[in-house]
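Data first, discussion second: the structure below is written as structure tokens.
Taken together, the values in this text are just the output of simple stated rules run on the coordinates, not laboratory data. The structure presented is a predicted model; accordingly, all values stated were derived computationally and were not measured. Glycine also receives a Cβ, built like all others from the backbone with ideal geometry; neighbour counts cover every protein chain displayed.
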Amino acid sequence: MSQATEAGPATTRPAMLPPTVDGGPLAWLRKNLFSSWGNAITTVLLVACVVWLGSFLINWAVLKATFSAESGKECVGTGGACWAIINAKLRYIFFGSFPYDQHWRPLFAILAMLTMLVLSCDRRMWNAGRLAIIWGIGSVITFMLMFGQIHIPVTLISAIIFLASLAAALLRRTVADNTERTVYTAATVLSGIYLILRVLGILPSYSVPIVLFSYVETGSWGGLAVTMILATYGLAFAFPYGILLALGRRSNLPLIRGLCIGFIELIRGVPLISLLIMASVMLPLFLPSGTNIDKFLRAQVAVILFAGAYIAEIVRGGLQALPKGQFEAADAMGLNYVQRTTLIVLPQALRVVIPPLINTFIGFFKDTSLVLIIGIFDFLKTASQALVDPLWTGFPGEIYLFAAAVYFCFCFSMSRYSKYLERELNKGTQR
Amino acid sequence: MAALNGVSTVIQLDQVNKWYGQFHVLTDINLQVKQGEKIVICGPSGSGKSTLIRCINRLEEHQAGSIVVSVDGKPIELSNDVKNVEAIRKEVGMVFQSFNLFPHLTILDNLTLAPIWVKKMPKKEAEDIAMSLLKRVRIPEQALKYPGQLSGGQQQRVAIARALCMRPQIMLFDEPTSALDPEMVKEVLDVMVELAKEGMTMLVVTHEMGFARSVADRVIFMDRGEIVEEGPPKEFFANPRNERTRTFLSQILHH
């Protein structure tokens, strides 16, 4: 604190140093591992266990293991792991039944998503503009690669133009000059006319095709790309959605509060599997015949809704941890609700809940594997599907260990990132 | 809309009543504050003095009576209209007992937040004003630190500067020195005395009777939600008319 420097040293006595710890690895060993008979015996026993287990593992996984083979038969009787199955099935595990000669597409889609995720982990990217650019470009690349071609309906484009020009005209009505205003009006009127004609059925539906590669429908997607899309977009949408739910649950307006509470409790009260089955089997029954919403999209929406409800409750915990004085100070300064929430409340509430939030993220990354219930081939499903091949039956241990290792890489990175984030965000606020 | 009584009146409370559930916190409060007037409000804990000044910027809602605050010379009555509330809050600064600085922002960002977002001031201009105010409360060197790195007295001085950054006409102080260690009380009071000398309109809830004596134009004594007695400090301390005032003063002055 600066008070101390202002006051200066109180006495002239030389500063006392802390007592030196007597060093050396031997001293450390004696102090920590062999301080008593009981301690020494425990140490020896545990070391023996670790050595025995370790040697067994090395023997199985490395020394006696088979790394390449024509079929599973060559692995039988070696007493070691059969990594050859991973070698043989690697591309199927990672890319599922995506057309074989097009496997580079999901590969680059995975890389695009990873880049997007890593970039948005950096605090310098945390403003709306930069995140919009990163996620916009990243998403277009990802889905362009996965689908191969995108058909954008003109109706959608004109709806966006209509809304954007209307918003611009309203927001800039005081500052815009005449030319600018004319542009807005023209855009609004033209897109509005198109929309009306389209709704009346006078104009047929056009779409703007962007065709780069052969079309691959979502039913053929599989493997890591599917898991990553479900998790990335699931959480990317569920996060802001969960924040809105949490804020709604604390709203003073009874209708909004009631809706949010009802939604959260309803979604939290059912298992994800039932929600997925509902989305895949029951939803089509309620929709008018002929409407066909992609199964993958339905699963994605189910994941978003489910994760949103959980995130909402975590964020609510953070909101409640915030002292009332913070709200009052913001109010007294004349900040309105949106300013108070985005500038004062959320930055503080969210940093309190980083550990449980990342915990939920990790949980949901793994929970996406439940989509195999409704026949979507995510990473875990393609891995287990590799065992069905009659040439390679009988090595579930190797396959699931490999799948576990891949999941672990993702989850452990998230865990480390959570630690880093806590340290980074609390830098200035700690004494 | 109720009018202000007289040109220079900046706050007028008429028959203000407030309840917390069944508990009557404020009973028939009438109060007029003239421009540049310094008013010290004192009273035992639970007497409603904090509630009273928190009603003026609508941190608490009153249920009966009217509160009118002058904004740019125009009288504005506090009502459920958010526009009126926001207009009044721009003119009325507040300092809290527990500072309530924003711990995730630097001192400078704490000060410039409201001018930038509420008054739409350019960042540079807001920072210039903030630095000059930090100089005035004698801690410009702390501008880039976070609130948690400052002492209580420093934090409260920052809180005063933060409120002043909006260039308010009126300042409300809610027990500004109660949460401070004794040796830090003076540095905060000094800043408040300076502010008073510059002609700021101030409503101060405090137990610092020395401050009341030297700065206040009027001292108000509240008990059980009522204004029991009010008068210039000299008279108030020398001849308190009411029995409850005498008891209170004897309790806080002689121990």
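Only bridges with both residues in the protein assembly as shown count here: give the DSSP antiparallel percent, nearest 5.
60 percent
Of A:ILE229, A:ILE261, A:ILE58, which is the most mobile in a GNM of chain A whose springs link Cα atoms less than 10 angstrom apart?
A:ILE58
One-quarter of the Cα convex hull surface for region A:192-323, in nm²?
It is 12.7 nm².
If contacts are Cα pairs under 8 angstrom and at least 6 residues apart, what is the relative contact order of region A:83-167 in percent?
28 percent
What is the average number of partner chain Cβ atoms found within 10 Å of a Cβ in A:338-345?
Average neighbour count from other chains, rounded to a whole number: 2.
Take the Cβ-Cβ distance between A:PHE108 and A:LYS31 as r, set R0 to 56 Å, and report the resulting FRET efficiency rounded to the nearest 0.05.
Calculated value: 0.55.
Give or take rounding to whole Å, what are the principal axis extents of the alpha carbon atoms in region A:302-431, in descending order?
Between the extreme Cα coordinates on each principal axis of region A:302-431 lie 73, 34, 17 Å.
Between A:MET16 and A:GLU424, how high is the FRET efficiency from 1/(1 + (r/R0)^6) when r is the Cβ-Cβ distance and R₀ = 30 Å? Nearest 0.05.
0.30
Please state the relative contact order of chain A as a whole percent: Cα pairs under 8 Å, 6+ residues apart?
17 percent
Under a point-charge model restricted to the Cβ atoms of Lys and Arg (+1) and Asp and Glu (-1), what is the dipole moment magnitude of region B:143-255 relative to its Cα centre, in debye to the nearest 20?
Using only the charged Cβ atoms, the result is roughly 160 debye.
Which order do the peptides B:206-219, A:72-85 take when ranked by the mean count of other beta-carbon atoms within 10 Å per residue, highest first?
Numbers: B:206-219: 18.7, A:72-85: 17.0.
Top to bottom by mean Cβ count within 10 Å: B:206-219, A:72-85.
Taking θ = phi - 60°, what integer Hz values does the Karplus form 6.51 cos²θ - 1.76 cosθ + 1.60 yield along region B:66-72, in sequence order, with x for Gly and Pro?
Coupling constants for region B:66-72: 9, 10, 10, 10, 7, 10, 6 Hz.
State the percent of C-alpha pairs, over all pairs in region B:132-226, separated by a distance greater than 19 angstrom. Each step should come with its number before you reach the end.
On the way: 1843 of 4465 pairs.
Summing the P(r) tail past 19 Å for region B:132-226 gives 41 percent.
Calculate the translational D of region A:141-188 in whole µm² s⁻¹ from Stokes-Einstein, where the hydrodynamic radius comes from the Kirkwood formula applied to all Cα pairs, the temperature is 25 °C and the viscosity 0.890 mPa s.
The calculation lands on 196 µm²/s.
With labels modelled as points extended 7 Å from the Cα through the Cβ direction, what inter-label distance (nm, one decimal) is found for A:LYS324 paired with A:ASN39?
Once both label points are built, they end up 5.1 nm from each other.
Report P(r) for region B:34-190: all Cα-Cα distances, bin width 10 Å, range 0 to the bin holding the largest distance, values in whole percent.
Result returned by the calculation: 10, 37, 36, 16, 1.
Evaluate the Kirkwood expression for the hydrodynamic radius of region A:129-168, namely the inverse of the mean inverse distance over all pairs of different C-alpha atoms, and round to one decimal in Å.
Working: mean 1/r = 0.0845 Å⁻¹.
Hydrodynamic radius (Kirkwood, Cα pairs) of region A:129-168 is 11.8 Å.
Of A:PHE296, B:ILE129, A:MET228, which is farthest towards the positive pole of the protein assembly as shown's charge dipole, taken about the Cα centre with +1 and -1 on the beta-carbons of Lys, Arg and Asp, Glu respectively?
Most positive-ward Cα: A:MET228.
Please compute the Kirkwood hydrodynamic radius over region A:27-100, one decimal place, Å, based on all pairs of different Cα atoms. Don't skip to the end; give the middle numbers.
Numbers: mean 1/r = 0.0637 Å⁻¹.
Every distinct Cα pair counted, the radius reaches 15.7 Å.
Counting pairwise Cα distances across region B:54-134, what percent come out greater than 16 angstrom?
When all Cα pairs of region B:54-134 are counted, 60 percent exceed 16 Å.
Can you pull a Stokes-Einstein diffusion coefficient for the protein assembly as shown at 4 °C (1.567 mPa s), Rh from Kirkwood over Cα pairs, as a whole number of µm²/s?
The diffusion coefficient I find is 41 µm²/s.
How big is the Kirkwood radius of region A:94-231, worked out from every pair of different alpha carbons and given in Å to one decimal?
With all distinct Cα pairs of region A:94-231 included, I get 17.9 Å.
Rank B:LYS135, B:LYS120, B:LYS234 by mean-square fluctuation in a GNM of chain B with C-alpha springs under 10 angstrom and give only the top-ranked residue.
Per the Cα network of chain B with a 10 Å cutoff, B:LYS120 tops the list.
Which three extents, in angstrom, do the Cα atoms of region B:186-255 have along their principal axes, listed largest first?
Principal axes ranked by extent give 35, 25, 22 Å for the Cα atoms.
Quick check on region B:94-229: of the DSSP beta bridges with both residues there, what percent are antiparallel, nearest 5%?
Beta bridges within region B:94-229, antiparallel portion: roughly 30 percent.
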